[in-house]
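Read through the structure below, which is laid out as C-alpha cells, and then see the notes.
What follows is calculated from the coordinates using simple rules that are stated; it is not laboratory data. Note that this is a predicted model, so its numbers are computed, not measured. Methodologically, a virtual Cβ is constructed for each residue, glycine included, from the backbone with ideal geometry; neighbour enumeration extends over all protein chains shown.
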Amino acid sequence: VSARFVRNTSRWWRLGVPTGVGFSLLAATQWNYLHKHGYPVDVDDRPELLNDVIATCYCCLPLRTTSRIWGWLTSIELPVGLRPTLYGFYANIFHADLDEVELDLSAFPNLVEFFVRKLKQNARPIAQNANMTSPADGKVLYFGPVTSCRVEQVKGATYDLRQFLGDPNGFTLNQIAKETMQKDDYVNSLLKNPDNRLYQLIVYLAPGDYHRFHSPTDWNIKFRRHFPGKLLSVNPKVLKYLPNLFSLNERVVYVGEWAGGFMAYAAVGATNVGSIRVYCDRELATNTVHWPETVHWKEACLGCARVAKGELFGEFRLG
Amino acid sequence: STIVLLFEAPRDFQFCLQIGQTIKVGQALSAL
C-alpha cells in the first residue's frame with residue numbers, strides 16, 4: 001500500500017507541477033498583455049486603452065451571444081397556469097408594478113412579451129404644458145447642457161459625442177471641415193440657432209421598468225443610424241468604471257428636428273436587452289447573429305417621419 | 001437599457017429633475 005501511495009503521489013507530482021506552472025505562465029502572460037494593451041475604447045479620436053484588467057476582461061466576455069441565448073430562452077411559451085406565478089415572481093424581484101399592466105398576466109405567452117407589456121390607458125399622462133417630456137420610465141442618470149464634445153458626467157458615464165452620434169458629415173459639415181474642426185465646434189455645428197444650447201437627458205431603464213419608449217415631443221425624424229457593438233451592462237454601477245460605454249454598446253440613433261432645433265433620440269442596448277424595436281422603422285434589426293462588431297454604422301433615411309409628443313416610439317426586448 | 005436624448009433648446013431652458021430620481025413617460029422635463 002505504501003509503495004503504491006508513493007508511486008501515485010509521484011505520478012501526480014510529475015503531471016501536476018508542469019501543468020500548474022504552464023497555466024501560471026499563461027495567466028501571467030495574459031495578465032501582462034491585457035495590462036499593457038487593454039481594450040481599445042477610442043475616446044477623442046485616439047485609442048484610449050482600458051488598462052484595468054477586470055474591465056478589459058469584462059469587455060471580452062461574449063455578452064452578445066449570451067444575450068441571444070437569453071432571448072431564445074425567454075421567448076419559450078410558458079404554460080398558462082404558471083404564467084401569473086412566474087411573472088409575479090419576476091415583478092417582485094425587480095419591483096415591477098403589476099397594477100398598471102393592461103392585460104391579465106396569463107395573457108403574456110412568454111417573458112419577452114411580459115417585458116414589453118402594454119400599460120393601462122392613461123397610466124402615463126403626457127404633460128400638456130411642457131414642450132419636452134420624458135421618453136421613458138426609469139432613473140435619471142444625468143441631465144444638463146452639453147458644452148463639449150467629450151461629455152463628462154459627475155457620477156455617470158463619460159462618452160464622446162462624435163462617436164456616439166457618428167460622423168458629423170451627415171449633419172451639417174463637409175469632410176474638410178470635419179477634419180479641421182475643434183471639438184466644441186462639433187457641438188455648435190449641431191445647433192440650428194447659434195444662440196441656443198445643446199442639452200442631454202439620460203434615462204436608465206431597470207429590469208422591472210416599463211420597457212416601451214415614447215416620443216418626448218413633436219418632431220420630424222430625418223435619418224436613423226444603427227451602430228453595432230457590444231452589449232455591456234449599462235447599470236449605473238458599471239457605467240462609472242467603463243469610459244465611453246455608450247459608444248461601445250449597440251445603439252440606434254434617430255436624428256431630426258423639433259420646434260427648438262436639433263434633436264437626437266438614442267436607444268442604447270444592454271446585456272440581455274439588445275433587441276431594439278422601433279415601430280415606425282420596420283427595417284431596423286438589432287443584435288443579429290451575422291453582424292460583426294465594427295466601428296461603422298448603417299444609416300437609413302426615414303424621410304422626415306413625423307412623430308407626435310407622447311406617441312409610442314419603440315421597445316427594448318429581451319435577447 | 002438606456003435612452004439618451006440630445007436636443008437643442010434656448011439657453012434659459014431649465015430641467016425640473018434631480019439626478020437619480022425616477023421618472024415616468026410623459027412627465028415634464030422643464031418647468032415651462
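Here is how the numbers come out for the structure above:
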quantity	calculated
Shielding by other protein chains, A:260-267, mean Cβ within 10 Å	5
FRET E, pair residue A:93, residue A:3, Förster distance 51 Å, beta-carbon r, rounded to 0.05	0.30
Gyration tensor (alpha-carbon) shape descriptor, segment A:53-132, a/c threshold 1.5	oblate
Assigned charges on the beta-carbon of Lys, Arg, Asp, Glu; segment A:191-284 dipole about Cα centre (debye)	220
Loop sites in segment A:229-289: GluC sites (Glu not before Pro), DSSP, at most 13 other Cβ within 10 Å	A:283
Projected label distance in nm at residue A:122 and residue A:26, using a 7 Å step from Cα toward the beta-carbon	6.5
